[in-house]
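*Asks:* Okay, handing you the structure first.
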Amino acid sequence: MKKYLLIVLFYLYCNQLQAQSISLLNLINLANLNNTQIGSTLTSNKVWAMQYGEELDGFVVEHYQTTAQPVKKETIIGGVGFKTATGSVLHTVSYVSPNVQYVINLVAETKKAGLNMFFQGSDARDNIYIYESFLYHVVIRLAINNSKGVIDITQKHALVQ
């Protein structure tokens, strides 16, 4: 009888677990894509679904969320950018998670992604970490109250397409 109770408890525990939905290298790769490419990349595996799009400063910004339970939803925001003097567009991709541990896991991948720490500090709400490479500027904010984590990845140079 104890054996069956243990199996049921284990099943219920495993049913509540959720794996992280994206890696830092995948987020960096998304920063090089346009909205159509981001959408097809994220929604192809049925883990992400587009929630809505909005126009912001002349760019169509699209919000994607995981199809997980509402309290564990991760969000990716794509389409944000700015035009350089040469007319090329530098894109920014943002990742938001209510699970701070997911963001900490992504921070652990910074060396593998070729990023070097540029700044570490905090303000009234967040612990802030800034990483840089030749091609990317990455800002990581972890809420002091552990309510969420945010990663913003911005291109520093437009890639030739």
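The values are calculated or read from the model by the stated rules, or taken from the named source; none is laboratory data. What you see is a predicted model, and the numbers here were worked out from it, not measured in a lab. Positions of Cβ are backbone-derived with ideal geometry, glycine not excepted, and every protein chain shown enters the neighbour counts. Please note that ligands, DNA and RNA were not included when accessible areas were found on the heavy atoms of the full protein model with its side chains. Shrake-Rupley method; radii C 1.70, N 1.55, O 1.52, S 1.80 Å.
*Asks:* From the list THR154, THR66, THR86, which residue is open to solvent by 20 Å² or more (accessible area, probe 1.4 Å) and either free of Cβ contacts under 8 Å to residues at least 60 places away in the same chain or over 22 Å from SER21 (Cα atoms) (or both)?
*Replies:* Only one candidate qualifies: THR86.
*Asks:* Please enumerate the residues belonging to region 89-101 that are within 17 Å of ILE144 (Cα to Cα) and either open to solvent by 20 Å² or more (accessible area, probe 1.4 Å) or assigned to a strand (DSSP E or B) (or both).
*Replies:* Restricting attention to region 89-101, the residues satisfying the condition of being within 17 Å of ILE144 (Cα to Cα) are 96-101.
Within region 89-101, VAL96, SER97, PRO98, ASN99, GLN101 meet the criteria.
*Asks:* Which of the residues spanning region 37-88 are under 18 Å from ASP152 (Cα atoms), outside any strand (DSSP E or B) and in contact with a helix residue (DSSP H, G or I) (Cβ under 9 Å, 6 or more places away or on another chain)?
*Replies:* Listed by number, the residues that qualify are ILE38, LEU42, GLU74.
*Asks:* Ok, one more. Condition test on ASN105, is it in a helix (DSSP H, G or I) and either more than 15 Å from ASN26 (Cβ to Cβ) or open to solvent by 20 Å² or more (accessible area, probe 1.4 Å) (or both)?
*Replies:* Yes, satisfied.
*Asks:* Please pick out the residue among LEU135, LEU115 that is farther than 24 Å from MET50 by Cα and buried (at least 18 other Cβ atoms within 10 Å of the Cβ).
*Replies:* LEU115
*Asks:* Return yes or no: is GLY81 more than 22 Å from ILE38 (Cα to Cα) and open to solvent by less than 30 Å² (accessible area, probe 1.4 Å)?
*Replies:* Considered against the rule, which asks whether it is more than 22 Å from ILE38 (Cα to Cα) and open to solvent by less than 30 Å² (accessible area, probe 1.4 Å), GLY81 comes out as no.
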